[in-house]
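The values are calculated or read from the model by the stated rules, or taken from the named source; none is laboratory data. Note that the structure is predicted; figures quoted are calculated from it, not measured. Protein only, heavy atoms only, side chains kept; ligands, DNA and RNA dropped before computing areas. Shrake-Rupley method; radii C 1.70, N 1.55, O 1.52, S 1.80 Å.
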Amino acid sequence: MKKHTFLAVACLMALGLCSCTDCLDIQQHGVLNKTSYYKTDEDANEVLTAVYKDISGLELNSFLIKNILSDDIWCGCDSHEGDYWKINDYTFDSSNPNLESLFSGYYNVIGKCNVVLDNLSGESETVRRAQAEARVARAWMYFELTTLWGNPPLVDHLLGSDDSAQPNADPTALWAFMEKDLLDAINSGMLVQKSSIDDNTVYHFTKQYAQALLGKVYLWEKKYTEAANVLDEVINSGLYGLYQGEYADIWSVHHENNRESMFESNFVVDESNPGQCMRLYPAFTGVHPALYDTKLGDLNLGPVGFSGNQPTSDLYNAFVSEEGVNGYRLNQTIKTPDFMAQHGYTFKDGMSLYGEGYYMWKNHMETDATGIGTPLDYGNNIRWMRYSEVLLLAAEAQLGAGNQGKANQYLNEVRTRAKLPFKTCTLEAIKKEKQLELCNECVRYQDLQRWGDAAQTLKNRGEVTPVFGADGKVVWKKFSDTYGYKVGKNEYLPYPASEIRINRAIKQNPGW
């Protein structure tokens, strides 16, 4: 459902809960009543569950928008129509409904965090834990808003009718606010920790996840020593590590919350209650059954999809340049058109797909995790952050702080798991490793912006669009004379036009 309100949602009290979060052991109680709420530990648990539920609801637009804004992913699908392709081609404007939805989604979470922090009272352990976790969630949302929009309004309390119009915030104040929220949460002593490196029973924000997020905030601020120190605390905790099985299994339903997961949104399919755990992103990225000549092949791929989020040949070639065509990590990340055809995924005559025929394998939909009632019920968790990202953040922080030895160590832990030789850590080496290790995981676009590489890398994005046909060939089509990243405009996303109309205090970003 399209969302039409943004900052005003920060004072919304109607927080419906979803049974997909049943792993938190909290029963659904329906809509929260502002006049009689926030009195018990059970209330604290329920409103916190609403925070986690709204975070999981960010998946579709977070993964689609942030990935297709980068150079690694084509929007895909069997049509070039629609607002996601406009984002892919950099022909979008402030009225794009998907950007609008992402913006409002972040503020939805912030609004519910403010419910927790403004309205819950008392000193019980449950209330204090809820408040600590709300601070982590709020800081995370502001990291996304600030890195994508630059100077979003800072809403640190529940808004009323008299202050619903909030102006753009000073970015310095936003970064300081994120730091404070995370430090307050970490220092509260109320964030949970895993009992061991292979404990897979923790579904809330942990102390180490908050520290990893704080390290990321510091790194974006170029506070390299502070970032290095806090990321070292995560690493030295011994509670996280690189997954030891096959690389592709990191994302499998059979290996949820493994030692590499810093935070996952938990999903459980309830076969007796179909439609209650629907996930649109895996469906969007799954193979498109209507394209293929026979029943789907032998790869345990989910039964529904639109073939979205297609890897670019540039990404594939970046892997090959580092690992070779038989690269261990490459072949568990991307499947080639030839591989797909060999396993029964051959197009019907006349069918085509907007992309180059490559398939993103690392987080594909597995048939044995889908529901009986509807294939959109998908019981695999969302992986939001992995330990490999922590190591690469730490490598960059240590390099910036002048600690070459530790930078080498952390970079090469990731490379060793990928079966690659030792490489001296440089910023260019980190850039390459992050592109390969974390492709399609929502980090590339913000990294390109932060490193100052976006303008050059993305300037021709959308100039021509690939169409992969049943003959196995790619034809490039031109759809517009206006395309690509433009200096003075695309450094930040536009504030939604509807938000500009509603909130007269906010100013649009330059170029929009």
The chain: C-alpha gyration tensor shape, a/c 1.5 cut-off, then a/b vs b/c: rounded
What is the Cα centroid distance between segment 419-452 and segment 289-360, reported in whole angstrom? 23
Using a 1.4 angstrom probe, figure out how much accessible area the chain has per residue, in square angstrom, rounded to the nearest whole. 38
How would segment 316-387 be classified by its alpha-carbon gyration tensor: rounded, prolate or oblate, with rounded meaning a/c under 1.5 and the a/b versus b/c comparison settling the rest? oblate
With a 1.4 Å probe and all protein chains kept in place, how much accessible area does H288 have, in Å² rounded to the nearest 10? 30
Kindly report, to the nearest 10 Å², the accessible surface of E246 as traced by a 1.4 Å probe over protein heavy atoms only. 100
Three-way shape label, segment 189-337, alpha-carbon gyration tensor, a/c 1.5: oblate
Counting only protein heavy atoms and a 1.4 Å probe, tell me what percentage of the chain's accessible area is made up of carbon and sulfur. 49
Per the helix-only model, the chain has a calculated mean residue ellipticity at 222 nm (DSSP H runs of ≥4, -39500 (n - 2.57) each, divided over all residues, rounded to the nearest 500) of -12500 deg cm²/dmol
Can you give the accessible area of S121 in Å² (nearest 10), computed on protein heavy atoms with a 1.4 Å probe? 80
Contact order relative to length of segment 45-153, as percent, for alpha carbon pairs under 8 angstrom and 6 or more apart: 31
